[in-house]
Amino acid sequence: MALRKLIAGNWKMNGSLGALAELDGIAASAEANPGVDVAICPPFTLIAPAVQRQPGLAIGGQDCHHAVKGAHTGCISGDLLREAGATLAIVGHSERRTDQHETDAEVRAKAEAAIAAGLVAIVCVGETEAERDAGSALAVVEGQLAGSVPPLGTGETLVVAYEPVWAIGTGRTPSVADVAEMHAAIRAKLNGLLGGEGAKVRILYGGSVKPDNARELLAVADVDGALVGGASLTAALFVPIIEGGAAVG
Ligand code: PGA
């Protein structure tokens with residue numbers, strides 16, 4: 001079953017109020033390509049101004065604390081994200097799993113909190129280069145899914161992003177065959193974890209998605225979209241990726 005593709009941008013700790021001008025071209029492309037969903041996840045401080053500038057464009061956060069509120073300096077709750085106008089939240093990105101030592105259990109709690117707040121949770125998984133070289137990529141990702149996918153996730157509330165750590169920001173991508181193998185394994189695992197909903201959860205590929213490789217990656221079976229870092233920062237690079245998704249969607 002072909003699912004509606006989601007092309008999501010993760011600005012990480014990049015951008016500025018001035019950079020929100022890039023959203024104009026991105027929103028125009030989203031409107032011109034109604035067959036795909038488009039979202040941008042900027043830094044927290046830019047969420048409300050981004051929504052104000054382009055109310056028709058889906059805007060997300062890059063994290064979501066597991067608690068509803070409380071003494072958690074520097075963190076952000078799902079309700080606060082919603083109030084700012086966000087409709088999605090990325091959780092468990094490999095940069096947070098590494099830099100903030102987030103565990104699978106924490107990622108699952110964050111995804112559950114995001115969903116409880118009415119957000120779509122984008123749960124990230126992916127192996128390191130050493131794990132791939134050791135032949136354990138599939139087992140690592142299946143383990144991350146078992147630990148971090150919320151059991152009550154549905155096709156409406158949950159998205160999974162497969163992002164091999166060694167492909168993020170490096171200009172390197174897995175072969176189409178490796179992407180196909182991994183996405184098929186993720187689908188099978190989601191079917192096992194979520195029953196009938198497993199087939200409805202979109203599985204994004206992320207890691208050095210660019211205009212020149214987007215179409216090929218997005219055409220792979222069970223690649224239901226892309227999570228894009230560097231190439232989402234400008235409309236000039238992100239729009240061709242949206243168009244690539246629309247072309248194969
Ligand atoms: P990249 O980042 O596209 O810059 O490789 C992807 C991501 O980390 O989501």
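The values are calculated or read from the model by the stated rules, or taken from the named source; none is laboratory data. The structure displayed is predicted, hence computed values, not measured ones. So basically every Cβ, Gly included, is an ideal-geometry build from the backbone, and we count neighbours across all protein chains shown.
Across the range 193-226, what is the total count of residues that are hydrophobic (A, V, I, L, M, F, W, C), touching a His at 6+ places or on another chain (Cβ under 9 Å) and closer than 21 Å to Ile90 by Cβ?
Residues that pass the stated criteria total 2.
Quick grid of which residues meet (1) surrounded by 22 or more Cβ atoms within 10 Å (Cβ to Cβ); (2) in a loop (DSSP other than H, G, I, E, B); (3) in contact (Cβ under 8 Å) with a residue 60 or more places away in the chain; (4) among the acidic types (Asp, Glu):
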| position | (1), (2), (3), (4) |
| --- | --- |
| Gly35 | no, yes, yes, no |
| Pro55 | no, yes, no, no |
| His66 | no, yes, no, no |
| Asp79 | no, no, no, yes |
| Ile122 | yes, no, yes, no |
| Glu142 | no, no, no, yes |
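Could you tell me whether the range 75-83 includes any residue that is within 16 Å of the ligand (Cβ to nearest atom), modelled with pLDDT of 95 or more and within 30 Å of Trp166 (Cβ to Cβ)?
No, the conditions are met nowhere in the range 75-83.
Can you tell me which residue is nearest to Val165 (Cα to Cα) among those in the range 97-120 that are surrounded by fewer than 18 Cβ atoms within 10 Å (Cβ to Cβ) and within 16 Å of the ligand (Cβ to nearest atom)?
Thr98
What's the total number of residues in the range 218-236 that are within 14 Å of the ligand (Cβ to nearest atom) and in a loop (DSSP other than H, G, I, E, B)?
Of the residues in the range 218-236, 3 are within 14 Å of the ligand (Cβ to nearest atom) and in a loop (DSSP other than H, G, I, E, B).
Give me the pairs: first residue in the range 81-108 and part of a helix (DSSP H, G or I), second residue within 12 Å of the ligand (Cβ to nearest atom) and aliphatic (A, V, I, L, M), beta-carbon distance under 6 Å, and six or more apart or on different chains, which are they?
Every condition considered, the pairs that remain are Ser94/Val165.
Suppose we filter the range 169-209 for residues that are surrounded by fewer than 17 Cβ atoms within 10 Å (Cβ to Cβ), assigned to a loop (DSSP other than H, G, I, E, B) and either of a type in the set (Val, Ile, Thr) or within 16 Å of the ligand (Cβ to nearest atom) (or both); how many remain?
Of the residues in that region, 4 qualify.
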